[in-house]
Structures are given as C-alpha cells and as structure tokens.
C-alpha cells in the first residue's frame with residue numbers, strides 16, 4: 001500500500017508548492033517595488049531630462065528576477081530564484097542613455 005516510489009515525488013511537490021507560495025508573496029512585494037521604481041524614474045526623467053542609470057540597472061535586474069519567479073512558478077525550470085541563485089545581472093540599456101551629472105564647477 002505504501003509505495004516508496006511515489007513518496008519522493010509527493011514530498012517534492014509539497015515542498016515545491018510551499019516554495020511557490022513563498023515566491024508568490026515575494027512576487028507581490030517585488031511588483032510594488034518595481035511600480036514605485038517606475039514612478040521615481042519617470043519623475044527623474046521629467047526633472048533631469050534623462051533616466052537615472054542606477055534605477056535603470058536595478059529595474060532591469062528586478063524585472064529579470066520577476067521573470068525567474070514566473071519561470072519557476074510555471075514549472076519551466078527547477079532552479080529557484082534568488083536567494084537560491086545569483087541575483088540577475090543588469091543588461092546594457094537599449095533605450096535612452098542614462099543621466100550623467102556634470103562634474104565641472106560653476107563660478
């Protein structure tokens with residue numbers, strides 16, 4: 001009655017469901033952070049005429065992180081996202097060039 005071949009699969013899916021629930025909560029928080037970042041970046045762009053480079057990099061890596069959570073949750077991969085894997089590396093910007101502060105001193 002107790003089939004040992006099915007037991008590891010059952011334990012595995014139970015742990016996976018628990019991790020998926022944890023990452024669902026992380027997804028919700030990360031989504032709010034990304035939404036806030038978008039608003040701050042928009043304000044920065046309106047004030048300085050170009051987006052902030054640091055926010056561009058963080059936004060790109062955060063969006064890749066959300067994609068990793070989606071891939072894990074949809075069973076596309078067995079690799080759990082950060083903190084079990086490295087944080088995604090930001091890619092080079094494909095849009096506007098980031099804002100560069102002027103270093104020359106004014107008299």
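Derivation of every value follows stated rules applied to the coordinates shown; laboratory data play no part. Because the structure is a prediction, the values reported are computed rather than measured.
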* Asked: Can you give the relative contact order of the stretch 23-92 as a percent, counting alpha carbon pairs under 8 Å and 6+ residues apart?
  -> 30
* **Stretch gain in nm, segment residue 77-residue 97, where the contour uses 0.36 nm per residue and the Cα spacing is subtracted** => 3.8 nm
* Asked: Expressed as a fraction of 2.2 N^0.38 Å, the rule-of-thumb size for a compact globular protein of N residues, what is the C-alpha radius of gyration of the stretch 40-107?
  -> 1.51
